[in-house]
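One structure is given here, and the rest of the page talks about it.
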Amino acid sequence: MEEPITKSFFSPPNLPPEMMEEILLRLPVKSLKRFKCVCTSWRSLISETVFTLKHALMLEASKATTCKKSPYGVITTSRYHLKSCCVHSLYDEPVATVHEHDGELLGRDYYQVVGTCNGLVCFHVDYNKSFYLWNPTIKLQKRLAGSDLETRDEVVVNYGFGYDESEDDYKIVALLQQRHQLKTEALVYSTRQKLWRSTCFPCGLVLANKSRSGIYINGTLNWAATHSSSSISTVISYDMSRDVFKVLRGPGCCKGGCFTLTLGDLRGCLSMVCYCKGANADVWVMKEFGEGESWSKLLSIPGLTEFVRPLWISRGLVVLLEFRSGLALYNCTTGKFQYPVSNSLNGCRDAKVYVKTLVSPRDL
């Protein structure tokens, strides 16, 4: 007698475990959450820390080939407000769906976004000087023990957050630069060791005023900088696995110096915005990371003299831009802006793109 259709339809397919894992690794978070209910073995596999990390790394590597329904979101802060939105919602929906997260961490407080990596958002909280990891997709957060970092008023601090795959360790880098001096102190926090340690920072480099937090690319953290002896713009890059800083050449246009520089991540490539020719913002990308000769000008946005950072670019060359006053879309073909991209995201102080994963900060 033939097996009932209903039973065979709802039973997990009879595939080798390795093949089934490869299939599940290619699914979005929303599907994986549903498939946890299929059977015990699937629930166990999808819940494993190793599986969630593999899944996150595959999504991070797919930035250059993301489809229309990309598994990415944008997190923004504005004074005491914390909001998020799907990238595809900003591009494809008449009215973008914005989620408010006020109170999900510690209540209404001043949050500084340090960075995002593998679906985790790292925050520095002003009142207790501590760092937190939060996954907005699964709504789990964790305070990092031993991460409190007191700084003096005369010190400017630039942070960065990323993943050291060689040691399976998420790390925070703090660059403490004394005002009106060239001395910079570099500190590295390890989530595994739960402590800060000092590391050597190159002499003669000054971080750009607009560098903000470090940009995580290929296991490195990157900040815009200049040489103290000249106005030549460059990039200071920290290799997380080797624990060393190195200097990367900026685009060829920067030999004479640029009055404003901002770094970003476009489709997994390091990007730099340069204001070299009047009121034009030139966006460059480093196609081969670490190769100074691989800088290529992606686009030029006329009429801009204020801070702007590209957050995302679609295949149709529509760029999601972060301004001081909010987010906007710029169509490179028509030269037209859509501003604001959402009234709910007006006045955002900082914006970061994150990938939607199941990585739990409580497993670290």
Next on the checklist: If I filter the stretch 177-192 down to residues being polar (S, T, N, Q) and at pLDDT 95 or above, which single residue comes out as surrounded by the fewest Cβ atoms within 10 Å (Cβ to Cβ)?
Outcome noted: 190
Checklist entry - Among the residues of the stretch 309-364, how many are open to solvent by less than 20 Å² (accessible area, probe 1.4 Å), polar (S, T, N, Q) and at pLDDT below 90? => result 1
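With respect to residue 12, determine if the residue is out of contact with any strand residue (DSSP E or B) (no Cβ under 7 Å at 6 or more places or on another chain) and at pLDDT below 90. Step through it out loud before you land on a result.
Working: out of contact with any strand residue (DSSP E or B) (no Cβ under 7 Å at 6 or more places or on another chain): yes; at pLDDT below 90: yes.
For residue 12, the condition - out of contact with any strand residue (DSSP E or B) (no Cβ under 7 Å at 6 or more places or on another chain) and at pLDDT below 90 - is met.
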Item to check | Selected residue (criterion: most open to solvent (accessible area, probe 1.4 Å)) from residues of the stretch 290-308 that are among the charged types (D, E, K, R) and out of contact with any strand residue (DSSP E or B) (no Cβ under 6 Å at 6 or more places or on another chain) | outcome: 293
Next on the checklist: Go through the stretch 138-176 and report how many residues are touching a residue at least 24 places away in the same chain (Cβ under 8 Å) and open to solvent by 30 Å² or more (accessible area, probe 1.4 Å).
Outcome noted: 14
Checklist entry - Are any residues in the stretch 58-83 modelled with pLDDT under 80, open to solvent by less than 60 Å² (accessible area, probe 1.4 Å) and more than 20 Å from residue 165 (Cα to Cα), and if so, which ones? => result 64, 66, 70, 78
Next on the checklist: With the structure loaded, tell me whether residue 214 is on the phi > 0 side of the Ramachandran plot and open to solvent by less than 60 Å² (accessible area, probe 1.4 Å) or whether it fails that test.
Outcome noted: no
Next on the checklist: One residue is enough: does the stretch 265-286 have a residue meeting the conditions open to solvent by 30 Å² or more (accessible area, probe 1.4 Å), under 25 Å from residue 85 (Cα atoms) and free of Cβ contacts under 8 Å to residues at least 24 places away in the same chain?
Outcome noted: no
Item to check | Pick from the stretch 36-57, criterion modelled with pLDDT under 90 and in a helix (DSSP H, G or I), ranking: most open to solvent (accessible area, probe 1.4 Å) | outcome: 40
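The values are calculated or read from the model by the stated rules, or taken from the named source; none is laboratory data. Remember, it's a predicted structure, so these values are computed and weren't measured experimentally. Neighbour counts run over all protein chains shown; Cβ positions are idealised from the backbone, glycine included. These area figures cover heavy atoms from the full protein model, side chains too; ligands, DNA and RNA do not enter into them. Shrake-Rupley method; radii C 1.70, N 1.55, O 1.52, S 1.80 Å.
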